[in-house]
Amino acid sequence: MRTGLSEDLIARVLGAAPKYTLGELEKKFPPRNLPDGAMVTRFAPSPTGYMHLGGLYQALIDSKLARQSGGVFMLRIEDTDTKREVADAVRLIIDSLHKFGIEYNNDEKYGPYYQSARKDIYHSVAAELLRTGRAYPCFLTADDMERIRAEQSAAGFATGIYGEFARDRDITPDEIIKHLDNGAVPTIRLYSGGDPEKRIFCKDAVRGSIGFPENNEDIVLIKSNDGLPTYHFAHLCDDHFMRTTHAIRGEEWLPSLPLHTQLFRMMGWQPPMYIHTSTIDKIDDETGKQRKLSKRKDPESNVAFFLRDGWPTGAVLEYLGNIAASGYEESKMKGAVKNFDEYEMRTKKIPMSGALFDMKKLEWWSREYIGAMPVADLVAAVTDWANEYGDDKQKMQVRDTDYLTGVLSIERDNPRRIRKDFITWKQTLEIEEFFWDELFVPNKEYEYNRDALNAFLSNFDIADDKDTWWNKIVEIANRFGVKNGDVAMNLRVAVAGRTNTPDLYSIMQVMGGTRVIKRIKALL
Ligand code: GLU
């Protein structure tokens, strides 16, 4: 091991003396006082734009594992890539989690939770590495890097800063001072002791132990342009000091696992248990092949889509839960659990590839979900949606809560025969448009039996109970020598404009006598 830098030089290299020693950091962020088996998880998005469905999937797994084990789920904003940052992205993430009802618990003690506010921590750890010769300031310029890359490519070597190409590995204090005096700002690089001829074994909760060639790259720990850490270094410091027990992240990070394992071992810290989640896929409409959701082609890749179109967020989560825990649906069908909350998911069963998200399948979850809602909750959900996302028509439909409640109560009283035709809040209001005079379109195509309609009107009383009402219909059918169902169909089309509706008696009860009479008269 090389000798490290003096405190003076560390302060100059980092721009300021480090605020903490490692010991102080350990005390400041002590191991959490939680019961055995409690999982500490975090959702760690980079605020680079919209919230992807895959992010929601991860956040759901994070929060579920923490909750079911009596642990803690945190939201950490990984805003160290100032170049890729998008205004408003953080608000979008927080808002999406909130709307999907995924709650995090950012205990002040382990914060701050914006990486940009954690510089002191990263610099303190970097200082320790500089002090002990496990990291060094590197003054390679962009031009130097380009030259090294060209040289490596020409010779057929792997590109990167490693071994003999890591020019500043053994830089002397005098050389450092010279660079600094010239106004150069270094990156801080890892002095990698890895040898790609050797293997390092890393753990993933789903995949088990995986062997990789050791990492020999002197990767950047602290960037020169803004003094912020790279993802790798931030992950090391944050997941250690936030006391994360399970790091759930996208499979694109799997190739970095040997590096991360190396970093934790170098520090003598216990790495979190890793869970690398699969991308969210779909079956391509044209090719019939499974592929990743595409930001450009698939509106459902953006969670805002589900909110805008009024998909029940609970149903989206139930379905995502079933993707993450494939035994869940079966358990629910057997009646062993009512919802994903009650189901105990297992880390080992999280799929490692090909998680398929099928909008048709979501429709099923949605029908079931809405079917199980008490009507008051359904009314509230539809109303909230219309007021936030609906158009003027939809806002009008939710204005009279009593009327809307009546409309949505139809065929919900018998638990064994609850209607399952509602899929989204938006489509629910669309299906029911005929209840509102402003939206009702009379069906003028239908060939009505005028005699039957006239007969119905002459003897109609909204106060009739269902049997009395039906007996009157039977009587009309007999009188004109037609089927009972024909008379009912005439009435159905007259009041609803279409041949397919829920229970006709209930529809008339909800509409009220005046409206029923007015609609039938208008057709006659
Ligand atoms: N910011 C990283 C990402 O968005 C987080 C990965 C992780 O969860 O560690 O991919």
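The values are calculated or read from the model by the stated rules, or taken from the named source; none is laboratory data. Bear in mind the structure is a predicted one, so any value in this text is a computation, not a measurement. Cβ: placed from backbone, ideal geometry, glycine included. Neighbour counts: every protein chain shown. With ligands, DNA and RNA removed, areas are computed over all heavy atoms of the protein, side chains included. Shrake-Rupley method; radii C 1.70, N 1.55, O 1.52, S 1.80 Å.
General remarks:
- Rounded percent of accessible protein surface that carbon and sulfur make up, segment 106-170, 1.4 Å probe: 50
- When each of Lys64/Lys292; Lys289/Lys338; Lys83/Lys349; Lys119/Lys282; Lys393/Lys483; Lys289/Lys393 is checked by Cα-Cα distance, pairs over 30 Å: Lys289/Lys338; Lys83/Lys349; Lys119/Lys282; Lys393/Lys483; Lys289/Lys393
- Distant alpha-carbon pairs in the chain (separation over 28 angstrom), percent: 66
- Among the GluC sites (Glu not before Pro) within segment 278-333, those in coil by DSSP and having at most 11 neighbouring Cβ atoms inside 10 Å are Glu286.
- Length gained on full extension, Asp144 to Lys83, computed as 0.36 nm times the residue gap minus the Cα-Cα distance: 19.8 nm.
- Thr499-Asn454 pseudo-label distance in nm [points 7 Å out on the Cα-to-Cβ vector]: 2.6
- Under 15 Å, Cβ to Cβ, from Tyr389 - net charge with Lys/Arg +1 and Asp/Glu -1: -2
- On Cα atoms only, tilt of 231-241 relative to the major axis of the chain in degrees: 80
- Under 5 Å, built H, 5+ apart or other chain: amide partners of Val72: Met39, Val40, Thr41
- As a fraction of the 1.4 Å probe accessible area of segment 409-524, surface on carbon and sulfur atoms comes out at 47 percent.
- Centre separation in Å (Cα based) which lies between segment 141-220 and segment 285-305: 37
- Per-residue HN-Hα couplings for segment 382-396 [Karplus 6.51, -1.76, 1.60; θ = phi - 60°; Hz; x = Gly/Pro]: 5, 5, 4, 4, 4, 5, 8, 10, x, 8, 4, 4, 5, 5, 4
- Rolling a 1.4 Å probe across the protein heavy atoms gives segment 461-513 an accessible surface of 46 Å² per residue.
- Between the Cα long axis of helix 513-523 and the first principal axis of the chain there is an angle of about 80°, rounded to the nearest 10.
- Probing with 1.4 Å while keeping every protein chain in the model, the per residue accessible area of segment 237-357 equals 45 Å².
- Contact order relative to length of the chain, as percent, for alpha carbon pairs under 8 angstrom and 6 or more apart: 12
- Computed per residue of the chain from DSSP H runs no shorter than four, each worth -39500 (n - 2.57), the mean residue ellipticity at 222 nm is -13000 deg cm²/dmol.
- Carbon + sulfur, % of accessible area of segment 257-357 - ligands and nucleic acids excluded, 1.4 Å: 48
- Looking at segment 181-263, the trypsin sites (Lys or Arg not before Pro) that sit in a DSSP loop and have at most 14 other Cβ atoms within 10 Å of their own Cβ are Lys198.
- Rounded to 10°, Cα long-axis angle of helix 484-496 versus longest principal axis of the chain: 60
- When all protein chains stay in place and ligands, DNA and RNA are ignored, the 1.4 Å accessible-area order of Lys483, Lys420, largest first, is Lys483, Lys420.
- For segment 420-460, the calculated P(r) over all alpha carbon pairs, in 5 Å bins from 0 to the bin holding the longest distance, is 5, 18, 14, 15, 20, 12, 10, 5 percent.
- For Tyr114, the residues 5 or more places off, or on other chains, whose built amide H falls under 5 Å of its own are Ile77.
- For segment 225-362, convex hull volume per residue from C-alpha positions, Å³: 173
- Residues of type aspartates and glutamates that Lys466 reaches as a straight line, Cα spacing below 17 Å, ignoring anything fewer than 8 places off in the same chain: Glu411, Asp413, Glu475, Asp503
- Set of aspartates and glutamates near Lys203 by C-alpha distance (under 13 Å), chain-local residues within fewer than 8 positions excluded: none
- Applying the Karplus relation 6.51 cos²θ - 1.76 cosθ + 1.60 with θ = phi - 60° to segment 258-267 yields 3J(HN,Hα) values of x, 4, 5, 5, 4, 5, 4, 5, 4, 7 Hz, where x marks Gly and Pro.
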